[in-house]
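**Student:** I'd like to ask you about the structure that follows.
The values are calculated or read from the model by the stated rules, or taken from the named source; none is laboratory data. Note that the structure is predicted; figures quoted are calculated from it, not measured. So basically every Cβ, Gly included, is an ideal-geometry build from the backbone, and we count neighbours across all protein chains shown. We work out accessible area using only protein heavy atoms, side chains counted, and drop any ligands, DNA or RNA first. Shrake-Rupley method; radii C 1.70, N 1.55, O 1.52, S 1.80 Å.
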Amino acid sequence: KENERIKILYYMLYLIKADFVVDQEEVEIVHHFGLRLGFRENMLNKLIEIAIENIGKGLPIEKMLDTIRQYLN
């Protein structure tokens, strides 16, 4: 179950940057569904920041997992 929640979040973050632009509506969608999945708002903000920093590149899995680990412990 935990892995599935993280996968959903990962794919949402990947999708918002797919067009090389992350707009406010996309950020709000990630917040909405991320909160519904039980993730903390601060963690979501950090992961969105990482996604924006990596527009045009892949998502840095280890950096994202390190961020998630900080909040899940």
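**Student:** Would you please name the residue that is modelled with the highest pLDDT, looking only at residues in the range 1-33 that are aromatic (Phe, Trp, Tyr) and assigned to a helix (DSSP H, G or I)?
**Tutor:** Per the criteria, the residue is 33.
**Student:** Being in contact with a helix residue (DSSP H, G or I) (Cβ under 7 Å, 6 or more places away or on another chain), open to solvent by 90 Å² or more (accessible area, probe 1.4 Å) and under 15 Å from residue 7 (Cα atoms) is the filter here; which residues of the range 33-62 pass it?
**Tutor:** 33
**Student:** Further, regarding this structure: Considering only the range 45-61, state which residues are of a type in the set (A, V, I, L, M, F, W, C) and not in a helix (DSSP H, G or I).
**Tutor:** Passing the criteria: 55, 59.
**Student:** Restricted to the range 21-32, and to residues that are β-branched (Val, Ile, Thr) and within 13 Å of residue 9 (Cβ to Cβ), which residue is least open to solvent (accessible area, probe 1.4 Å)?
**Tutor:** Selected residue: 30.
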